[in-house]
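These notes are about the structure you will find just below.
The numbers here are math on the coordinates, done by the rules we state, and not lab data. Bear in mind the structure is a predicted one, so any value in this text is a computation, not a measurement.
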């Protein structure tokens, strides 16, 4: 059995109902759009890790509301990323910027997200978790 690597992802929504996404700088899914996130460091809780990762990648500091789901993805070189995704609400009025391991960062509507090349399973997971609805103009926490 492959090693599980603890990771986190931030489902960050702003007051307008737009979702924060990053264009990935590194594998897996290099160049594709996804949620900000990364590995949980030794001694960190998942909640602390997701706040750190979102801030490092986008400059956005947002509190965790709740866990919304988990996905598993193959890690380069073996292993499985076990990604716990957390709903976060950005009320800062700040604009995201690409930092750390992101090529770009922005808030998008559901229609804009559908038009972007996204990481495998992103839209399906957001729909399954009730964050994204077909035909909706915004995301809902």
* Structure fact -> Per its Cα gyration tensor (rounded if a/c is under 1.5, else prolate when a/b beats b/c, else oblate), the range 68-141 is best filed as oblate
* Hey, what did the range 4-128 get for relative contact order, percent, Cα under 8 Å, at least 6 apart? -> 34 percent
* **On Cα atoms only, tilt of 46-58 relative to the major axis of the chain in degrees** => 60 degrees
* the chain - mean residue ellipticity at 222 nm from DSSP helices (-39,500 (n - 2.57) per run, n ≥ 4, rounded to 500) -> -5000 deg cm²/dmol
* Of all DSSP beta bridges located in the chain, what percent are antiparallel, nearest 5? -> 65 percent
* To do: Rounded, prolate or oblate: pick one for the range 4-128, where a ≥ b ≥ c are the square roots of the eigenvalues of its C-alpha gyration tensor, a/c under 1.5 means rounded, and failing that, prolate if a/b is larger than b/c, else oblate.
  => rounded
